[in-house]
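The values are calculated or read from the model by the stated rules, or taken from the named source; none is laboratory data. Everything numeric in this text was worked out from a predicted model, so none of it was measured. Positions of Cβ are backbone-derived with ideal geometry, glycine not excepted, and every protein chain shown enters the neighbour counts. Side chains included, ligands, DNA and RNA excluded: accessible areas come from the protein's heavy atoms. Shrake-Rupley method; radii C 1.70, N 1.55, O 1.52, S 1.80 Å.
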Amino acid sequence: KSTLDESAAISQRWVKERKESQARVAMEEQKAALEPKKIEFSRQPEGIVVEAMLNKKLRVSLVLDTGASLVVITEDVAKKLGIDIAKQEKTIKLITADGNQTEAKYIILESISVQQAQANNVEAGIIPNSTQKPGFKDGLLGASFLNRFNFKINQRTNRLILEKI
């Protein structure tokens with residue numbers, strides 16, 4: 001049996017070891033978060049398409065668009081996210097790749113996850129269903145998400161490599 005002093009020393013050692021273990025786990029998690037993520041994509045007629053999770057509740061297919069300044073989602077996707085489009089006061093003008101202008105509602109998405117890569121508080125536009133082009137999927141993955149990462153596209157392996165900045 002241990003004396004009171006020995007029991008106290010053992011307890012202190014356990015507390016110290018637990019704190020050290022928690023610190024190691026936190027460092028490993030931080031290191032893992034900074035490691036490049038290799039995201040699988042599919043090549044489709046409209047371009048590179050990635051699967052994403054919006055606000056941790058809706059899985060969507062987004063076309064990778066390095067020329068788009070914002071993430072853009074469709075009206076249907078916004079409704080599925082529970083966003084009341086009529087209550088969104090801020091309107092922005094978007095110029096599409098073909099040079100046409102369209103109005104979109106400006107929002108901030110809580111999060112976008114593309115496999116293991118996540119960004120929080122991401123600016124986005126909601127475009128009306130009437131202005132969507134064929135092959136638009138659920139929207140575009142633009143710079144408001146991509147600018148949080150260094151990214152590279154490996155065409156040979158169909159991988160988008162995202163490294164947190």
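Just give me the residues in the stretch 35-80 being closer than 13 Å to F136 by Cα and over 17 Å from the mean Cα position of the chain (by Cα), in sequence order.
Q44, P45, E46, G47, E75, D76
State which residue pairs qualify: first residue part of a helix (DSSP H, G or I) and inside the stretch 1-23, second residue open to solvent by 60 Å² or more (accessible area, probe 1.4 Å) in any location, beta carbons under 7 Å apart, and separation of 6 or more residues or different chains.
Sorted first by the residue in the stretch 1-23, then by its partner, the pairs are I10/S2.
Which residue pairs have Cβ atoms under 7 Å apart, sit 6 or more places apart or on different chains, and have a first residue in the stretch 119-144 that is open to solvent by 60 Å² or more (accessible area, probe 1.4 Å) and a second that is not in a strand (DSSP E or B)?
From the stretch 119-144, the pairs are E123/L70; E123/S144; K137/E46.
If you go through the stretch 92-108 one residue at a time, how many are farther than 16 Å from A143 by Cβ, part of a strand (DSSP E or B) and open to solvent by 60 Å² or more (accessible area, probe 1.4 Å)?
3
Can you spot a residue in the stretch 10-30 that is touching a strand residue (DSSP E or B) at 6+ places or on another chain (Cβ under 6 Å) and open to solvent by less than 60 Å² (accessible area, probe 1.4 Å)? Before you say what the answer is, go through the steps one by one.
Step one: filter the stretch 10-30 for residues touching a strand residue (DSSP E or B) at 6+ places or on another chain (Cβ under 6 Å), giving none.
No, the stretch 10-30 contains no residue that is touching a strand residue (DSSP E or B) at 6+ places or on another chain (Cβ under 6 Å) and open to solvent by less than 60 Å² (accessible area, probe 1.4 Å).
Return yes when N154 is modelled with pLDDT under 95 and either touching a helix residue (DSSP H, G or I) at 6+ places or on another chain (Cβ under 8 Å) or of a type in the set (D, E) (or both) and no when it is not. First the steps, then the outcome.
Values: modelled with pLDDT under 95: yes; either touching a helix residue (DSSP H, G or I) at 6+ places or on another chain (Cβ under 8 Å) or of a type in the set (D, E) (or both): no.
No, not satisfied.
Kindly list the number of the only condition in (1) surrounded by 17 or more Cβ atoms within 10 Å (Cβ to Cβ); (2) basic (K, R); (3) touching a Ser or Thr at 6+ places or on another chain (Cβ under 9 Å) that fails for R148.
The number of the failed condition is (3).
Scan the stretch 141-155 and give yes if some residue there is part of a strand (DSSP E or B), within 23 Å of G82 (Cα to Cα) and not polar (S, T, N, Q), otherwise no.
Our first condition is that a residue be part of a strand (DSSP E or B); within the stretch 141-155, this holds for 141, 149-154.
From the residues that got through so far, the ones that are within 23 Å of G82 (Cα to Cα) too are 141.
If we keep only those that are not polar (S, T, N, Q) too, we end up with 141.
Yes, the stretch 141-155 contains a residue that is part of a strand (DSSP E or B), within 23 Å of G82 (Cα to Cα) and not polar (S, T, N, Q).
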